[in-house]
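One structure is given here, and the rest of the page talks about it.
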Amino acid sequence: MNPIKSLIKDMTKKHGKTRESLLPIMQAVVEKEKYLSEYSMIEIARQVDIPAAEVYGTATFYSFIETKPTGRYIIRICKTITCAMKGKNQVLFAIQNMLKIKLGETTPDNRFTLLETNCLGWCHKAPAMMINDEVFTELTPEKVRDILTSYMKMSQINVN
Amino acid sequence: MAVTHQLKRVDFIFSNENDWEKVLSTTINKKPTDLINELISSELKGRGGAGFPTGLKWKLAAEAKADSKYIICNADEGEPGTFKDREILSKVPYKVLTAMAVCGYITGAKEGFIYLRGEYKFLTPELNKAIKEFDYYCKEIKFDFKISIFMGSGAYICGEETALMESMEGKRGEPRNKPPFPTQNGYLDKPTVINNVETLAHTYTIFKYGAKKFYDLGVQYSRGTKLFSVSGDTPKPGIYELELGMSLQDFVYEFGDGDTKAVQVGGASGFLVPRKKFKDAAIGFKGKLTGISLPTGGSMMLFNSSRSMFNVLDNYLEFFREESCGQCTPCRVGCQQLLLGIKAVKRGEKPASYLSKLLRLTETMQYTAKCGLGQSVANSFSSIVENFHEEMIY
């Protein structure tokens with residue numbers, strides 16, 4: 001069976017075939033695939049027994065549930081006021097320069113997606129960003145280059 | 001004239017967690033009505049920002065009749081400038097769990113949830129460990145209460161209590177009409193107590209030391225202490241527990257960098273206070289405080305004279321435009337138009353008098369928006385536009 005299909009089936013079994021399990025199921029798929037494909041949405045709808053449109057409607061409401069393909073590492077840089085004041089733009093330029101992508105884009109090798117997000121709750125250590133679930137704070141252009149370099153190495157090891 | 005410039009630092013929240021087992025077992029041997037009265041007499045008000053009396057909320061839920069009830073800990077801390085709940089959950093999780101269990105005992109609920117925002121997912125391993133240990137102890141003393149984590153997925157509006165419940169029910173996080181209030185029809189239409197993380201941590205203090213210790217701190221209508229998340233142009237950003245009712249002047253004296261131009265109290269949905277009004281402003285809930293009293297979820301952002309207030313407002317409005325759930329027209333269209341409006345004035349495409357039109361729009365939003373998000377856009381908008389009028393135009 002398709003791995004996503006079986007994951008959805010397992011999650012439905014774990015959380016129950018109710019509407020309340022919709023968010024946990026979607027989150028599990030996103031954790032695995034980094035985004036929620038049309039295929040997954042229809043499969044979730046079938047398993048939980050609700051209209052696919054409802055799944056789509058719910059999925060698109062939440063900013064952490066992407067509905068378009070993304071890279072393996074999703075970079076979310078905080079753009080809210082304190083981070084914006086403390087040099088978020090310089091950090092953003094450094095990332096864009098290094099990965100050669102703009103906001104909202106994914107690198108051609110499907111490794112990184114660059115997004116902006118609202119307050120991450122690290123205002124006292126601004127600027128902050130997340131790569132997948134990991135948080136990085138008090139960023140500078142130098143620091144962010146180091147972080148990305150280590151992620152690039154990591155993903156290379158994973159590929160080989 | 002003697003000026004004291006003294007802020008009363010307190011340390012309740014982050015200390016004395018180790019005896020949670022004793023606190024739990026002694027508290028659940030007291031009568032629920034006594035505990036509610038204790039909580040009411042402490043005059044604890046919700047620490048998320050809205051300030052609803054906690055004792056009353058628990059009482060209403062306890063009186064509601066239903067076959068099942070729920071306790072929710074609101075850890076969807078999305079307000080720009082707040083980060084205290086994360087600290088509480090990572091440093092003293094047992095306080096929050098104990099408070100939830102006691103609330104369950106009082107109201108008759110058997111199940112509790114921690115709605116954790118997606119951005120704090122990294123907290124889950126530690127938090128789950130704490131829940132497991134807590135669960136183990138509950139079984140040991142034969143107390144039936146189950147706690148689990150429900151993850152959010154990056155929506156600011158889900159911090160609004162009814163939107164949070166919609167989200168838990170697997171729907172879009174769109175706020176419900178109130179009334180009915182959650183204490184009657186909450187999660188799955190059952191009576192639900194939903195409290196901020198910090199509120200729950202405070203109830204732990206009250207159950208441990210009694211209401212008087214809490215009541216003796218603070219000022220009339222604003223009792224007790226509060227965690228403040230200090231950020232922006234300050235030499236010492238971080239989390240501080242302070243007594244309520246302090247003057248903003250004293251606060252700035254302690255935390256400012258000597259060049260503080262304005263302080264945003266309560267995050268993007270709160271108020272901006274310019275330097276000339278510091279001495280009249282006090283931090284606390286509305287009441288008989290002299291001058292302006294500012295309720296807050298604890299977000300204190302300081303701006304010095306190098307900051308453009310236009311940029312600040314622009315940033316807030318972009319935030320609101322993105323985070324508005326889009327359900328009701330005043331908020332959805334209002335946020336978009338306000339953002340377009342201030343940009344047009346700045347570029348000179350609209351006359352300065354257009355700002356007063358925008359102010360009227362925020363007033364409309366305040367009256368007609370369905371939930372707190374749309375209603376509170378007016379707070380920061382009017383306080384910035386009125387106090388820094390020139391910066392909006394030139």
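Listing for the model above:
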quantity	calculated
Residue count for the range B:276-307, restricted to those that are more than 10 Å from every other protein chain (Cβ to nearest Cβ) and open to solvent by 30 Å² or more (accessible area, probe 1.4 Å)	13
Where B:A61 falls short, out of the listed (1) assigned to a helix (DSSP H, G or I); (2) within 14 Å of another protein chain (Cβ to nearest Cβ); (3) over 22 Å from B:G210 (Cβ atoms); (4) open to solvent by less than 10 Å² (accessible area, probe 1.4 Å)	(2)
Unmet criterion (only one of (1) of a type outside the set (F, W, Y); (2) crowded, with 18+ Cβ neighbours inside 10 Å; (3) assigned by TED's automatic domain parsing to the domain that holds B:Q264; (4) under 17 Å from B:D11 (Cβ atoms)) for B:S231	(4)
Residue check, B:F319 within 14 Å of another protein chain (Cβ to nearest Cβ), crowded, with 18+ Cβ neighbours inside 10 Å and closer than 16 Å to B:E386 by Cβ	no
Extreme residue, nearest to B:K213 (Cα to Cα), among residues of the range B:27-44 that are touching a strand residue (DSSP E or B) at 6+ places or on another chain (Cβ under 8 Å) and open to solvent by less than 40 Å² (accessible area, probe 1.4 Å)	B:S42
The lone exception for A:I131 - which of (1) in contact with a Ser or Thr (Cβ under 8 Å, 6 or more places away or on another chain); (2) touching a residue at least 40 places away in the same chain (Cβ under 8 Å) it fails	(1)
Evaluation of A:T82 against (1) among the β-branched types (V, I, T); (2) in a loop (DSSP other than H, G, I, E, B); (3) within 19 Å of B:E318 (Cβ to Cβ) (one fails), failing number	(2)
Pick from the range A:94-118, criterion under 15 Å from the mean Cα position of the chain (by Cα) and hydrophobic (A, V, I, L, M, F, W, C), ranking: nearest to the other protein chains (Cβ to nearest Cβ)	A:L115
Answer from A:T67, A:T80 - the residue that is more than 9 Å from chain B (Cβ to nearest Cβ) and either open to solvent by 40 Å² or more (accessible area, probe 1.4 Å) or touching a Pro at 6+ places or on another chain (Cβ under 7 Å) (or both)	A:T67
Qualifying residue in the range B:140-148 (condition: open to solvent by 10 Å² or more (accessible area, probe 1.4 Å), assigned to a helix (DSSP H, G or I) and free of Cβ contacts under 8 Å to residues at least 24 places away in the same chain)	yes
Total residues in the range B:196-210, condition open to solvent by less than 10 Å² (accessible area, probe 1.4 Å) and touching a Ser or Thr at 6+ places or on another chain (Cβ under 7 Å)	4
Residues within the range A:11-54 that are within 13 Å of another protein chain (Cβ to nearest Cβ), open to solvent by less than 30 Å² (accessible area, probe 1.4 Å) and in a loop (DSSP other than H, G, I, E, B), tallied	2
Residue within the range A:138-155 that is buried (at least 17 other Cβ atoms within 10 Å of the Cβ), assigned to a loop (DSSP other than H, G, I, E, B), more than 11 Å from chain B (Cβ to nearest Cβ) and touching a strand residue (DSSP E or B) at 6+ places or on another chain (Cβ under 7 Å) present	yes
Enumeration of residues in the range B:327-352 that are without any contact (Cβ under 8 Å) to a residue 24 or more places away in the chain and either open to solvent by less than 40 Å² (accessible area, probe 1.4 Å) or not assigned by TED's automatic domain parsing to the domain that holds B:Y367 (or both)	B:G341, B:A344
Filter result (more than 21 Å from B:G55 (Cα to Cα), touching a strand residue (DSSP E or B) at 6+ places or on another chain (Cβ under 8 Å) and either away from chain A (no Cβ under 14 Å) or assigned to a helix (DSSP H, G or I) (or both)) within the range B:90-119	B:G118, B:E119
Residue within the range B:193-203 that is closer than 22 Å to B:P80 by Cβ, more than 14 Å from every other protein chain (Cβ to nearest Cβ) and touching a Pro at 6+ places or on another chain (Cβ under 6 Å) present	yes
Condition met for B:T162 (of a type in the set (V, I, T), away from chain A (no Cβ under 14 Å), closer than 25 Å to B:A62 by Cβ and open to solvent by less than 30 Å² (accessible area, probe 1.4 Å))	yes
Answer from B:V273, B:V312, B:V263 - the residue that is touching a strand residue (DSSP E or B) at 6+ places or on another chain (Cβ under 7 Å), in a helix (DSSP H, G or I) and crowded, with 20+ Cβ neighbours inside 10 Å	B:V312
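To keep it simple, each residue is scored yes or no on (1) farther than 21 Å from B:S148 by Cβ; (2) modelled with pLDDT of 95 or more; (3) within 22 Å of the chain's Cα centre (by Cα).
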{"residue": "A:I8", "(1), (2), (3)": "no, yes, yes"}
{"residue": "A:K13", "(1), (2), (3)": "no, yes, no"}
{"residue": "A:E43", "(1), (2), (3)": "yes, yes, yes"}
{"residue": "A:R46", "(1), (2), (3)": "yes, yes, no"}
{"residue": "A:Y56", "(1), (2), (3)": "yes, yes, yes"}
{"residue": "A:F61", "(1), (2), (3)": "yes, yes, yes"}
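A quick yes/no check of all residues on (1) of a type in the set (S, T, Y); (2) touching a residue at least 12 places away in the same chain (Cβ under 8 Å); (3) not assigned by TED's automatic domain parsing to the domain that holds A:M152:
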position	(1), (2), (3)
A:Q27	no, yes, yes
A:E31	no, no, yes
A:I44	no, yes, yes
A:T82	yes, yes, no
A:G87	no, yes, no
A:K102	no, yes, no
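Table: residues versus (1) under 17 Å from the mean Cα position of the chain (by Cα); (2) at pLDDT 95 or above.
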site: B:P175; (1), (2): yes, yes
site: B:N185; (1), (2): no, yes
site: B:N196; (1), (2): yes, yes
site: B:T199; (1), (2): yes, yes
site: B:T225; (1), (2): yes, no
site: B:I239; (1), (2): yes, yes
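The values are calculated or read from the model by the stated rules, or taken from the named source; none is laboratory data. Here the structure is a predicted model, which means the values were calculated and not measured. Cβ coordinates were reconstructed from backbone atoms using ideal geometry, including for glycine residues, and neighbour counts include every protein chain displayed. For the accessible areas, the whole protein counts, side chains as well, though only heavy atoms, and no ligand, DNA or RNA atoms are used. Shrake-Rupley method; radii C 1.70, N 1.55, O 1.52, S 1.80 Å.
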